[in-house]
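The values are calculated or read from the model by the stated rules, or taken from the named source; none is laboratory data. Everything numeric in this text was worked out from a predicted model, so none of it was measured. All Cβ positions, glycine included, derive from the backbone under ideal geometry; neighbour counts span all protein chains shown.
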Ligand SMILES: C[S@@+](CC[C@H](N)C(=O)[O-])C[C@H]1O[C@@H](n2cnc3c(N)ncnc32)[C@H](O)[C@@H]1O
């Protein structure tokens, strides 16, 4: 009987029925759901909702880890005929991005970790932007870098063949790692630059929040492009 009571207490302590539902997002802020609700038409949190919104649409471009959204919002303004999807796992960060949008009909945010969206998209996107992805500088964490070969394969699945992928970073380790991953997996990087702000191939560059911060601190911005396969 004693063991039974211990078992019941432990079950109550550690069993949370909500854990059964795979969490798509990182929740950090109190009352975040209520705050997000004000922008309900502009963000997606549910897998079916994502599928329904994208079904039948063309010219869809995605940014992974879009942060506070300056980049993708400007891209959406410049290209009103395309649909832009910003994926970001932190809902507090997405809330900041949502506050900046005013009536931008061709832009949607998905609040999710891309690891939980692996099977969500197939031949869906026409282009991908990776801006200042977390560098995970410790060697043992290299598989977490969003430019690791398993992610490159995932992007091939998500994107239509031959779509443009553009990557920018201030981080030397991540940049050199990316070049190696591309080469070792038989992909070809082009427009490779170690000073993007001085490079005419990026004259239409849209500065992201991190880019602004790091270039002001004196870091040069690196960039490259490659095609999905
Ligand atoms: C260093 S910030 C860069 C933000 C923005 N792209 C910029 O350039 O200012 C990286 C962002 O990617 C998001 N992120 C990292 N890994 C992610 C993942 N697996 N899925 C979705 N978002 C991710 C983080 O929450 C963070 O907001």
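Scan the range 74-96 for residues that are under 19 Å from residue 54 (Cβ atoms) and part of a helix (DSSP H, G or I) and jot them down.
Selection gives 75, 76, 94.
Hey, can you tell me all the residues within the range 80-104 that are more than 16 Å from the ligand (Cβ to nearest atom) and touching a helix residue (DSSP H, G or I) at 6+ places or on another chain (Cβ under 9 Å)? Outline the logic, then answer.
Of the residues in the range 80-104, the ones more than 16 Å from the ligand (Cβ to nearest atom) are 80-83, 102-104.
If the condition is that a residue be more than 16 Å from the ligand (Cβ to nearest atom) and touching a helix residue (DSSP H, G or I) at 6+ places or on another chain (Cβ under 9 Å), then 82, 83, 104 are the ones that fit.
Yes or no, residue by residue, for (1) under 28 Å from residue 46 (Cβ atoms); (2) crowded, with 20+ Cβ neighbours inside 10 Å:
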| site | (1), (2) |
| --- | --- |
| 108 | yes, yes |
| 119 | yes, no |
| 125 | yes, yes |
| 140 | no, no |
| 150 | yes, no |
| 161 | no, no |
| 172 | no, no |
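Matching residues to (1) assigned to a helix (DSSP H, G or I); (2) out of contact with any helix residue (DSSP H, G or I) (no Cβ under 8 Å at 6 or more places or on another chain); (3) at pLDDT below 95; (4) within 11 Å of the ligand (Cβ to nearest atom):
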residue: 174; (1), (2), (3), (4): yes, yes, no, yes
residue: 187; (1), (2), (3), (4): no, no, no, no
residue: 192; (1), (2), (3), (4): no, no, no, no
residue: 204; (1), (2), (3), (4): no, yes, no, no
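Taking the range 117-144 as the region of interest, how many residues are within 12 Å of the ligand (Cβ to nearest atom) and within 12 Å of the chain's Cα centre (by Cα)?
Of the residues in that region, 7 qualify.
Which number in (1) under 22 Å from residue 88 (Cα atoms); (2) part of a strand (DSSP E or B); (3) touching a helix residue (DSSP H, G or I) at 6+ places or on another chain (Cβ under 6 Å) marks the one condition that residue 147 misses?
Residue 147 satisfies every listed condition except (2).
If only one of 183, 211 is part of a helix (DSSP H, G or I) and more than 26 Å from residue 79 (Cβ to Cβ), which one is it? Please lay out each step first, then the result.
Values: 211 fails: more than 26 Å from residue 79 (Cβ to Cβ).
Checking each option against the conditions leaves just 183.
Could you check the range 145-158 and list, in sequence order, the residues that are closer than 20 Å to residue 183 by Cβ and either free of Cβ contacts under 8 Å to residues at least 60 places away in the same chain or more than 12 Å from the ligand (Cβ to nearest atom) (or both)? Outline the logic, then answer.
So the first thing to find is which residues in the range 145-158 are closer than 20 Å to residue 183 by Cβ, and the list is 145-156.
Residues satisfying the conditions are 145, 147, 148, 149, 150, 151, 152, 153, 154, 155, 156.
Answer yes if at least one residue in the range 59-66 is surrounded by fewer than 20 Cβ atoms within 10 Å (Cβ to Cβ), assigned to a helix (DSSP H, G or I) and at pLDDT 95 or above, and no otherwise.
Scanning the range 59-66 turns up no residue that is surrounded by fewer than 20 Cβ atoms within 10 Å (Cβ to Cβ), assigned to a helix (DSSP H, G or I) and at pLDDT 95 or above.
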